[in-house]
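*Asks:* Here it is: the structure, laid out below.
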Amino acid sequence: MKQFTQAPGPIGVFDSGYGGLTILHAIRQQMPQYDFIYLGDNARTPYGTRSFDVVYEFTRQAVVKLFEMGCHLVILGCNTASAKALRTIQQEDLPLLDPHRRVLGIIRPTAEVIGQLTTTRHVGVLATEGTIKSKSYDLEIAKQHPDISVTGLACPMWVPLVENKEAESPGADYFVKAKLDQLMELDPLIDAVILGCTHYPLLLPTIMRHVRPGVRIIPQGDYVAKSLEDYLYRHPEMEQKCRQGGHVRYLTTENTERFEDSAWIFLHEKAQVEHVDL
């Protein structure tokens, strides 16, 4: 078992790239008093097309790094990591690393509340290829709400649109409309669509222009934030280990200047970024 500091530390938020910044932003809006460390593995992004084994190993390395930096609680602010690595880390790694530390994902919070957000009981999920192929949303929603039918669709062009600052371009209109139309053709009864990728909220204005009337669009951030707040309320022993100072550190495995430039798209504020190796 590794020896990590037992002093209170920041809450860690990990993503393969920039999208997890939308999760961090929502959490900070809900819980601004806590300290956070955001770690983006930008040098090895994207994770969406990688195998389960590779995503697990990369995610495990990031979790260990955040534990070494004092985090007792780490949020995988990445749907692909949550889908492909979370369960193995929770079941196999944490007992060996430190059974008192916790790693949480971002798929379950949305799956838990989806029953309150659909009337037809037909739900769509738009996400990366890796998340859709993992069927993590299908399985998690089936556990919580076995009466709900789930239709997933991969949107491989949506992340590049966001990262290339083309979320409001004519190209974005074309690709977003095409996928929304395709999803509704697969199941015309869908009345709620989960954005199962943390980049996709940046496309919300375009999505809302093309979504059919009566169909609810569900970004994850607010639900993840409320779920985390509830988790800390229910686990005061963990809450006491989360330092409160309102500070945030940003780490990237790639070029810091590039991260700072791209982070503006997600945070709308300047981020001081440090380089880190995994």
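*Asks:* Hey, among the residues in the range 25-62 that are in a helix (DSSP H, G or I) and more than 15 Å from S82 (Cα to Cα), which one's most open to solvent (accessible area, probe 1.4 Å)?
*Replies:* Q29
*Asks:* Same structure again: Just to check your reading of the model, which residue among G124, G115 is closer than 23 Å to R212 by Cβ, surrounded by fewer than 18 Cβ atoms within 10 Å (Cβ to Cβ) and small (G, A, S)?
*Replies:* G115
*Asks:* Listed residues L66, L96, L139, L76; which is in contact (Cβ under 8 Å) with a residue 40 or more places away in the chain, open to solvent by 30 Å² or more (accessible area, probe 1.4 Å), farther than 17 Å from I217 by Cβ and of a type outside the set (K, R)?
*Replies:* After applying the criteria, what remains is L96.
To keep it simple, each residue is scored yes or no on (1) of a type in the set (K, R); (2) in contact with a helix residue (DSSP H, G or I) (Cβ under 9 Å, 6 or more places away or on another chain); (3) modelled with pLDDT of 95 or more.
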{"site": "Q33", "(1), (2), (3)": "no, no, yes"}
{"site": "F36", "(1), (2), (3)": "no, yes, yes"}
{"site": "Y47", "(1), (2), (3)": "no, yes, no"}
{"site": "Y56", "(1), (2), (3)": "no, yes, yes"}
{"site": "A62", "(1), (2), (3)": "no, yes, yes"}
{"site": "K65", "(1), (2), (3)": "yes, no, yes"}
{"site": "C71", "(1), (2), (3)": "no, yes, yes"}
{"site": "V74", "(1), (2), (3)": "no, yes, yes"}
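*Asks:* For the range 238-258, check the following and say yes or no: at least one residue is acidic (D, E) and closer than 23 Å to T198 by Cα.
*Replies:* Checked the range 238-258: at least one residue is acidic (D, E) and closer than 23 Å to T198 by Cα.
*Asks:* Given (1) more than 19 Å from F266 (Cα to Cα); (2) among the β-branched types (V, I, T); (3) assigned to a helix (DSSP H, G or I); (4) open to solvent by 20 Å² or more (accessible area, probe 1.4 Å), identify the lone condition not met by V159.
*Replies:* Result: V159 passes all but (1).
*Asks:* Follow-up. Using the structure shown, decide if A167 is at pLDDT below 95, among the small types (G, A, S), in a loop (DSSP other than H, G, I, E, B) and buried (at least 17 other Cβ atoms within 10 Å of the Cβ).
*Replies:* It is true that A167 is at pLDDT below 95, among the small types (G, A, S), in a loop (DSSP other than H, G, I, E, B) and buried (at least 17 other Cβ atoms within 10 Å of the Cβ).
*Asks:* Just checking, how many residues over the range 221-273 are among the basic types (K, R), surrounded by fewer than 18 Cβ atoms within 10 Å (Cβ to Cβ) and closer than 15 Å to I75 by Cβ? Please lay out each step first, then the result.
*Replies:* So in the range 221-273, the residues among the basic types (K, R) come out as 226, 234, 241, 243, 249, 258, 270.
Filter once more, so that each one left must be surrounded by fewer than 18 Cβ atoms within 10 Å (Cβ to Cβ): 226, 234, 249, 258, 270.
Now narrow it down to the ones that are closer than 15 Å to I75 by Cβ: 226, 249.
So the count comes out to 2.
*Asks:* To continue, here is another question. Quick one: what pairs do we get from the range 26-51, first residue free of Cβ contacts under 8 Å to residues at least 12 places away in the same chain, second open to solvent by 10 Å² or more (accessible area, probe 1.4 Å), C-beta under 7 Å, 6+ apart or different chains?
*Replies:* Taking only residues 6 or more apart or on different chains, not a single pair turns up.
*Asks:* While we're here: Please work out which residue is nearest to M184 (Cα to Cα), limiting yourself to the range 204-218 and to residues that are in contact with a strand residue (DSSP E or B) (Cβ under 8 Å, 6 or more places away or on another chain) and either open to solvent by 40 Å² or more (accessible area, probe 1.4 Å) or at pLDDT below 95 (or both).
*Replies:* My answer is R216.
The values are calculated or read from the model by the stated rules, or taken from the named source; none is laboratory data. None of the values given here were measured: they were computed from a predicted structure. Don't worry about glycine lacking a Cβ; one is built from the backbone with ideal geometry, like all the others, and counts go over all protein chains shown. Protein only, heavy atoms only, side chains kept; ligands, DNA and RNA dropped before computing areas. Shrake-Rupley method; radii C 1.70, N 1.55, O 1.52, S 1.80 Å.
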